[in-house]
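As structure tokens, the structure follows; a few thoughts come after it.
The values are calculated or read from the model by the stated rules, or taken from the named source; none is laboratory data. Here the structure is a predicted model, which means the values were calculated and not measured. A quick note on method: Cβ atoms are made from the backbone with ideal geometry, for glycine too, and the neighbour counts reach across all protein chains shown. For the accessible areas, the whole protein counts, side chains as well, though only heavy atoms, and no ligand, DNA or RNA atoms are used. Shrake-Rupley method; radii C 1.70, N 1.55, O 1.52, S 1.80 Å.
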Amino acid sequence: MIPKLVIANWKMAIDRDSVRHFRNEWEANQAFCEAKILVAPPAIFLSDLDGMAGVALCGQDVSANEPGAHTGELSAQMLNDFGCSHGLVGHSERRSSWSESDALVAKKALKLELLQICPVICVGESKADRESGRAEEVVAAQVLASCALLKSAPVIAYEPVWAIGSGEAATPEIAEAMHAAIKATLGERFGKPVPVLYGGSVNERNASQFTSCDSIDGLLVGGASLNARTFLNICQSVGS
Ligand code: PEP
């Protein structure tokens, strides 16, 4: 059985002392988790998590450019050098604040794939898309365009924009329906099932409601992942 995947996305919301405190707390309290666990710290703290027990590393973003004169950017090679097994691309905050298009997300995902780093492609509809009944259509278009250049299966993270950081998670029914639609959209495209994670205001109380759904293969957790004990409780509530 493929274990569920739980990813902590720390965004730009943590400082170095807190990273060290998280690691100490995690390692002191860590117990067996059936899920595979990843942490996506700000890149400057990747080395602080090197060798952390029970956790693999994930980039928060990657450049679509070849290594060279691109001030402030991080290449897939750099993520590889720091041992990242996965990399987020297309997070809604990057799509909205940096106007990242599906075409750019597809190029970034390819850069990761070429170095055997698994892309975690974030997709999700806006509140207006949902209210107009276009949510599945919008997400299907994002999924197809963002995966267009890949040869091997990525991970998809379904994160409705209205649920991220709002305290208003999707219902498990909404998430389950969208996950099933995403899987149907990709069909046999990669010759194997594509894991689809749910993200958006996941917390200790609602995590297992999502992961007990058939089509939900794990979680992408923002705010609730910044505290080691809270995140550990979420990870331990997730079955296989
Ligand atoms: C995210 O930004 O990926 C996310 C899921 O955030 P939150 O859990 O805080 O809604």
Could you please find all residues in segment 179-220 being under 18 Å from Gly90 (Cβ atoms), aliphatic (A, V, I, L, M) and in a helix (DSSP H, G or I)? Ala181, Ile182, Leu186
Looking only at segment 214-235, count every residue that is open to solvent by 10 Å² or more (accessible area, probe 1.4 Å), more than 9 Å from the ligand (Cβ to nearest atom) and out of contact with any Phe, Trp or Tyr (no Cβ under 8 Å at 6 or more places or on another chain) and tell me the total. 6
Which listed residue, of Gly165, Gly133, Gly191, is under 16 Å from the mean Cα position of the chain (by Cα), open to solvent by 10 Å² or more (accessible area, probe 1.4 Å) and at positive phi: Gly165
Within segment 36-50, how many residues are more than 16 Å from the ligand (Cβ to nearest atom) and either open to solvent by 70 Å² or more (accessible area, probe 1.4 Å) or in contact with a helix residue (DSSP H, G or I) (Cβ under 7 Å, 6 or more places away or on another chain) (or both)? 6
Could we say that Val138 is within 14 Å of the chain's Cα centre (by Cα), among the hydrophobic types (A, V, I, L, M, F, W, C) and open to solvent by less than 30 Å² (accessible area, probe 1.4 Å) here? no
Considering each residue of segment 150-162, count those that are surrounded by fewer than 23 Cβ atoms within 10 Å (Cβ to Cβ) and within 11 Å of the ligand (Cβ to nearest atom), and give that number. 2
State the number of residues belonging to segment 51-63 that are open to solvent by less than 20 Å² (accessible area, probe 1.4 Å) and among the charged types (D, E, K, R). 0
Which numbered condition in (1) in contact with a Leu (Cβ under 8 Å, 6 or more places away or on another chain); (2) of a type in the set (D, E, K, R); (3) open to solvent by less than 50 Å² (accessible area, probe 1.4 Å) is the only one that Arg95 fails? (1)
So, of the residues in segment 181-209 that are closer than 19 Å to Met1 by Cα and without any contact (Cβ under 8 Å) to a residue 40 or more places away in the chain, which turns out to be farthest from the ligand (Cβ to nearest atom)? Gly191
With (1) small (Gly, Ala, Ser); (2) touching a residue at least 24 places away in the same chain (Cβ under 8 Å); (3) closer than 16 Å to Asn9 by Cβ as the list, and Ser97 as the residue in question, which single condition is left unmet? (2)
Given the conditions (1) touching a Leu at 6+ places or on another chain (Cβ under 6 Å); (2) open to solvent by less than 10 Å² (accessible area, probe 1.4 Å); (3) more than 16 Å from the ligand (Cβ to nearest atom), every one holds for Cys147 apart from (1)
Only one of Asp102, Asp81 is without any contact (Cβ under 8 Å) to a residue 12 or more places away in the chain and charged (D, E, K, R); which? Asp81
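Residue-wise test of (1) more than 14 Å from the ligand (Cβ to nearest atom); (2) at pLDDT 95 or above; (3) out of contact with any helix residue (DSSP H, G or I) (no Cβ under 6 Å at 6 or more places or on another chain).
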| position | (1), (2), (3) |
| --- | --- |
| Val55 | yes, yes, yes |
| Val62 | yes, yes, no |
| Ala69 | yes, yes, yes |
| Leu79 | yes, yes, yes |
| Gly87 | no, yes, no |
| Leu104 | yes, yes, yes |
| Leu112 | yes, yes, no |
| Cys118 | yes, yes, yes |
| Ile121 | no, yes, no |
